[in-house]
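Presented below is the structure to which this report refers.
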């Protein structure tokens, strides 16, 4: 796999990106490369600098310093040319509320200078893709959250983008709507579209990303494939035990030696271990009886916690 | 759709002026505006037309009865309504253009998120600025046409020269709109936006709109003469009765310079306005 990836052309190349607002560094020296056709993730909590990085890629935020190469061009100097081949799904839907559903697609396509005849046909295809055929003439504000999200994604595809930027694509969607969306994104990936997405959902990153960077406070904390990151920064399994909010901290010293590492959170204790059931047995043998216990696979959440000492979604 | 290969991922760009800010597609912004106007409630569009008409009816007809005839630009007496009508048209052109290039832009920028979505397409800030100014001027043109019609119905039009009120009104609007966006680029909050109203209101009241400039002492006159609205008011007043003087050229030149400087200023501030 690594060999194949190395052969593919780099379509995004970022070097030492910095964005400063006043004396606050939203992005503080980020470097990464994305090869063609890869699905690349930026993982991190709110305010980590993910969206700002995305905006710099689109050339709609001026970077304070650093270099950026998108398909051979600098988006700050050739913004219109770069964005002609980008599809963007922003964090908050910014559909045109003054236009009907289908007109949203057509007018957006006109912004790319695409001919009307092409757009009429493309709009119908995309309404089908987004399962919104019967909403073509509806007002945007009458759509549900999931429908709006799908329309925003359909809109981002109007110009057949080569790189699709998705800023927290499934935030606020119910599980069913998320799975529909993930399915659509997989299809695009199969067509060779490069996906760049930000998320603070671990399962989403594990599902969608070939490779990702973990970002916190504008800096890269770790980089790799989801499985490699979990292997490197976590154990195979995680045992979660709860002794009640007032007792968790007091119990921690008595768990010394159980598993590879302990993480005491206000509401629970995480035991990083390769054998969750075994560790639970050990705890019980010490005469401790947690109120609840749960053995699960390690996830990127654990990686993030390990790297920053903080939980991701707070 | 055919699967993408590496060769699809190579872009090139030509070198052209304002290449980073302009994709020569302001037309798409205008098209969007036209589509919205067409689907909009007509009341919203028409409401802007009534503002100067109401002023004309209350001040021109109501107050005019007390005032009687006044001296027009050439010295010949004209009715008070005929005296203030062209001034009201200039004020309306100013108000409309300033509203469209400040509040409207500010709102769409920070709350409507319209520009956020536009800027993620091929469009650049310059396309948006040109498109929005064009839309504002088109609306101004419609209002000017309507108001001139009302003047005609009220018998305030006595010369074919008065037809030039319509394009001149658009020119006055252009002057203000070209500056408005640049000014908006410095605004961060609603409170700051109120400064605009604070400048506009006195300009409306004191720019010889309702009475001649000669009522002021000379130093005040100079101050008023420095402001753009006075030039607009005087120019429109001269055109309305076809009484021209060398000053006409000064007023015209004032606006041409204002438009050129305003556009240059706005173009310089586009990055600050849109690409934060």
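A few remarks follow.
- Scanning the range B:243-254 finds no residues that are crowded, with 22+ Cβ neighbours inside 10 Å and not in a helix (DSSP H, G or I).
- Test: residue in the range B:44-52 that is buried (at least 19 other Cβ atoms within 10 Å of the Cβ) and closer than 14 Å to residue B:143 by Cα: yes
- Test: residue A:256 is farther than 30 Å from residue A:51 by Cβ, without any contact (Cβ under 8 Å) to a residue 24 or more places away in the chain and more than 24 Å from the chain's Cα centre (by Cα): yes
- Scope the range B:9-18; condition surrounded by fewer than 18 Cβ atoms within 10 Å (Cβ to Cβ) and at the interface with another protein chain (Cβ under 8 Å from one of its Cβ atoms); matching residues: B:10, B:11, B:12, B:13
- Those residues of the range B:19-29 which are assigned to a helix (DSSP H, G or I) and more than 7 Å from every other protein chain (Cβ to nearest Cβ), in sequence order: B:26, B:27, B:29
- Any hit, the range B:48-70, residues being free of Cβ contacts under 8 Å to residues at least 40 places away in the same chain and within 14 Å of chain A (Cβ to nearest Cβ): no
- Filter result for residue B:133 (surrounded by 24 or more Cβ atoms within 10 Å (Cβ to Cβ) and within 14 Å of another protein chain (Cβ to nearest Cβ)): no
- The residues of the range A:43-68 that are touching a helix residue (DSSP H, G or I) at 6+ places or on another chain (Cβ under 9 Å) and either within 14 Å of chain B (Cβ to nearest Cβ) or at pLDDT 95 or above (or both), listed by number, are A:57, A:58, A:59, A:60, A:61, A:62, A:63, A:66, A:68.
- Count - residues of the range A:276-314 that are in contact (Cβ under 8 Å) with a residue 12 or more places away in the chain, over 26 Å from residue A:44 (Cα atoms) and in a helix (DSSP H, G or I): 6
- Among the residues examined, residue B:98 qualifies as more than 14 Å from chain A (Cβ to nearest Cβ), assigned to a helix (DSSP H, G or I) and modelled with pLDDT under 95.
- Flag if residue A:204 is assigned by TED's automatic domain parsing to the domain that holds residue A:11 and under 25 Å from residue B:117 (Cβ atoms): yes
- Matching residues, the range A:245-275, being assigned to a loop (DSSP other than H, G, I, E, B) and surrounded by 12 or more Cβ atoms within 10 Å (Cβ to Cβ): A:247, A:258, A:259, A:260, A:265, A:268, A:274, A:275
- The number of residues in the range A:18-40 that are over 12 Å from residue A:217 (Cα atoms) and either under 19 Å from the mean Cα position of the chain (by Cα) or in a loop (DSSP other than H, G, I, E, B) (or both) comes to 12.
- Qualifying position, being free of Cβ contacts under 8 Å to residues at least 40 places away in the same chain and over 30 Å from residue A:15 (Cβ atoms), among A:119, A:143: A:119
- Of all the numbered requirements in (1) at pLDDT below 95; (2) within 27 Å of residue B:271 (Cα to Cα); (3) surrounded by fewer than 17 Cβ atoms within 10 Å (Cβ to Cβ), residue A:8 misses one, and that requirement is (2).
- Residue selected from the range A:57-76 under the condition outside any loop (DSSP other than H, G, I, E, B), touching a residue at least 12 places away in the same chain (Cβ under 8 Å) and more than 15 Å from residue A:219 (Cα to Cα), by the criterion nearest to the chain's Cα centre (by Cα): A:57
- The residues in the range A:97-109 that are buried (at least 22 other Cβ atoms within 10 Å of the Cβ) and facing chain B (nearest Cβ under 7 Å) can be counted, and the count is 2.
- Looking at A:130, A:138, A:84, just one residue is over 22 Å from residue B:40 (Cβ atoms) and more than 9 Å from chain B (Cβ to nearest Cβ), and that residue is A:130.
The values are calculated or read from the model by the stated rules, or taken from the named source; none is laboratory data. Owing to the predicted nature of the structure, the values given are computational and were not obtained by experimental measurement. When we count neighbours, we look across all protein chains shown, and the Cβ atoms used for this are built from the backbone with ideal geometry, even at glycine.
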